[in-house]
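Quick notes on the structure that follows.
Bear in mind these aren't lab numbers, they're just calculated from the coordinates by the rules spelled out. Treat the numbers as computed from the prediction; the structure is a model and nothing was measured. Here the Cβ positions follow ideal geometry from the backbone for every residue, glycine too, while neighbour counts run over all protein chains shown.
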Amino acid sequence: MMKPLVIAIDGPAGAGKSTVAQKLAARLGLNYVDSGATYRAAALKVLEAGVSPEDESAVVEVIAGAEIRFTTDGDRCAVWLDGRDVTQDIRTPEVTLAAAQVSRLPEVRKKLINLQRSLVQGRGVVMEGRDIGTVVFPEAPLKIFLKAEVQERAHRRLQQDQEEGRASTLEQTAYDIGRRDQLDAERKISPLIPAPDAVEIDSTRLTADQVVEQILKLAQERRLV
């Protein structure tokens, strides 16, 4: 049997990771996983429990029995927490900030990284996040680091929020993205950096489909597909 293919896509918020990863997975017939959703789901559970996202022991206790899973129905990828669909609930600014805080806790990262690794099934997976190529799957045969200018990322995230019914402004969105970038870059464990062998792609002036085509070409050149 062939070993499942893992394609790792990392990058900051708003760089286009989710859209690109989903399109790429569909083109290749692979599963898609948003690793950040595991942290968001954990953060949601923590906030609902009234626990500080920076209290490691309390956070670990709250999420110890959490069930986090993913399902795909057509073009929709759903995130489930303890049997309920939280796909929309985990996208609020409050959960976004809490997820960045929770992700800095070593014991929480250890638990959720193990969960992420267990999600490689079938022919393989396209997994996107912030440390997939550096920590979760350092041996992945194809690693992409997707980036874009901050203003462009803020425009994209604001458009996504509006399409999903969340009210915000460009200024607030840009601030939230800048704050998330800072937290991700400054954390001691798994900071947001490209893997040494990652291929960097600037998506600022590219469509998602153009980025997908670049990645497909790389995969073909490496005889992965």
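Dipole magnitude for the chain: computed about the Cα centre from +1 point charges on Lys and Arg Cβ and -1 point charges on Asp and Glu Cβ, it is near 720 debye.
Note that region 48-63 has calculated 3J(HN,Hα) couplings of 5, 7, x, 9, 5, x, 9, 8, 4, 5, 5, 5, 4, 5, 5, 8 Hz, one per residue in order, obtained from phi through the Karplus relation 6.51 cos²θ - 1.76 cosθ + 1.60 (θ = phi - 60°); glycine and proline are x.
Compactness of the chain was expressed as the Cα radius of gyration divided by 2.2 N^0.38 Å, which yields 0.96.
Across region 63-150, C-alpha contacts under 8 Å between residues 6 or more apart give a mean separation that, scaled by the residue count, equals a relative contact order of 12 percent.
What is region 95-225's relative contact order, in percent, from Cα pairs under 8 angstrom and six or more apart in sequence? Please list the in-between numbers first.
Details: 97 pairs, mean separation 42.1, N = 131.
Reported relative contact order: 32 percent.
List residues of region 23-49, by number, whose backbone nitrogen lies under 17 Å from a label position 7 Å along Cα→C-beta of Gln220. Inside the label zone: 24-29.
Measuring between their Cα centroids, region 1-39 and region 130-166 lie 10 Å from each other. Using C-alpha pairs under 8 Å with a sequence gap of at least 6, the mean separation divided by the residue count of the chain gives a relative contact order of 33 percent. A DSSP coil position with no more than 10 other Cβ atoms inside 10 Å describes the following trypsin sites (Lys or Arg not before Pro) in region 129-225: Lys188, Arg205, Arg222, Arg223. Rounded to whole numbers, the Karplus 3J(HN,Hα) couplings from phi for region 194-211 are x, 5, x, 9, 7, 8, 8, 10, 8, 8, 3, 10, 10, 7, 4, 5, 5, 5 Hz, using 6.51 cos²θ - 1.76 cosθ + 1.60 with θ = phi - 60°, and x at Gly and Pro. Applying the Karplus relation 6.51 cos²θ - 1.76 cosθ + 1.60 with θ = phi - 60° to region 148-156 yields 3J(HN,Hα) values of 6, 5, 4, 4, 5, 5, 5, 4, 5 Hz, where x marks Gly and Pro. With the chain treated as a Gaussian network of Cα nodes joined by springs under 10 Å, which of Asp181, Asp82, Asp131 yields the largest mean-square fluctuation? The residue with the greatest mean-square fluctuation here is Asp82. Protection proxy ranking, highest mean first, for peptides 107-113, 8-14, 195-201: 8-14, 107-113, 195-201, where packing is the per-residue count of other beta-carbon atoms within 10 Å, averaged.
By the rule of a C-alpha distance below 25 Å, with chain neighbours fewer than 8 residues away ignored, the lysines paired with Lys188 are Lys17, Lys45, Lys110, Lys111, Lys143, Lys147. Centre-to-centre separation between the Cα atoms of region 168-204 and those of region 106-126: 21 Å.
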